[in-house]
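Trainee: Sharing a structure below in structure tokens format, with a few things to ask.
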Amino acid sequence: MLFRDCPARSGHHAHITIAVFAVIALVTTTAMRAGGVSHVNLTVRLYNTAGVSGPELISARDTATSILGDGGLDMVVRHCGRTISTETPPDACSESLKSTEVVVRVIDAPAFNAAVNPDAFGLTYVVTATDRGWLATVFADRIERAAMRAGVATGTLLGRVMAHELGHLLLGSGYHGPAGLMRAEWPDATLPRTGADWRFSISEAARMHQAIESMSHGRLATETNLLRTGSDKLVALNAPLARR
Ligand SMILES: [Zn+2]
């Protein structure tokens, strides 16, 4: 009798599983039809004034693109101001910033700036009114030194810092996660790690997706108005970012 019951139970289980999958598929289809699942795209205007080499910048770009891609976020990078290779034409990036565009500048860390943590790899500015930002800065010299100390590729670390700072632009002020790419502390010993240490969490990726979608619908339009009035409306946040 016992043996005869078993197939019935597993059969019942299988049925429930199939029903759940069917419901998920239905919800997904409905959401897509209603426009709930939309394709959003973040464009990054990348300025390299630190003299990072073309191959390293390409590696950084590809690393950051891959990290965002793992979170389901599409990113397009424009190399502004100068070419990275003979095959890439220069992009002046002279037109106004679009709603889904942000700027990443690669500079050497300022020698004397009390507002910037001496160990920070990067810095983001977030607009108070919208809790979002459009300008991220990464410090090429500090990143290069840390990469050499830890024995990791400079381009890879540069790309990870870029992705972290892009996270700050989209996740709002002062956010750091308990683990993963958005963790606050990046000691040298953790830099050679691979995998989940360099990825956004599922909830972070979802929030970023939502932020880009809001931007694409112009719901952060006040940000542009604030920026036109001058930089005094900007608040520097996250100075102690990505400390080693
Ligand atoms: Zn940070």
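Trainee: Please give the peptides 45-52, 115-122 ranked by average Cβ packing (other Cβ atoms within 10 Å per residue), highest first, as a rough proxy for protection.
Mentor: Highest-to-lowest ranking by the protection proxy: 45-52, 115-122.
Trainee: Can you tell me, using C-alpha contacts under 8 Å and at least 6 residues apart, the relative contact order of segment 39-237 as a whole percent?
Mentor: Computed over segment 39-237, the figure is 25 percent.
Trainee: Here's something else I'd like to know. Leu135's amide H: which non-local residues (gap 5+, or another chain) put their own amide H closer than 5 Å, with H modeled 1.01 Å from N in plane and none for Pro or chain starts?
Mentor: It is Val103, Tyr125, by chain and number.
Trainee: Calculate one ³J(HN,Hα) per residue across segment 168-173 by plugging θ = phi - 60° into the Karplus curve 6.51 cos²θ - 1.76 cosθ + 1.60, and present them in order as whole Hz with x for glycine and proline.
Mentor: 4, 4, 9, 9, x, 5
Trainee: Moving on. Taking H as built 1.01 Å from N, whose amide H comes closer than 5 Å to the amide H of Ala109, not counting residues under 5 places away?
Mentor: Ala140, Asp141, Arg142
Trainee: Among 53-61, 133-141, what's the highest-first ranking by average C-beta atoms within 10 angstrom per residue?
Mentor: Going by the mean number of other Cβ atoms within 10 Å, highest first, we get 133-141, 53-61.
Trainee: Then there is this: By the scheme Lys and Arg +1, Asp and Glu -1, what is the net charge of all other residues having a beta-carbon under 15 Å from that of Gly195?
Mentor: +2
Trainee: Let me ask something additional. Can you compute the FRET efficiency between Met148 and Ala92 using 1/(1 + (r/R0)^6), with r the Cβ-Cβ distance and R0 = 45 Å? Round to the nearest 0.05.
Mentor: The value I calculate is 0.85.
Trainee: Along the Cα→Cβ direction, 7 angstrom out, place labels at Asp141 and Thr190. What is the inter-label distance in nm?
Mentor: 2.5
Trainee: So if each residue of separation counts as 0.36 nm, and I subtract the Cα-Cα distance between Asn117 and Ser201, what length gain in nm does that give?
Mentor: The span from Asn117 to Ser201 would gain 27.7 nm if fully extended.
Rule-based calculations on the coordinates, nothing more; no lab input. Note that the coordinates shown come from a computational prediction; the quantities given were computed from them, not determined experimentally. Counting neighbours? That spans all protein chains shown, and the Cβs are built from the backbone with ideal geometry, glycine included.
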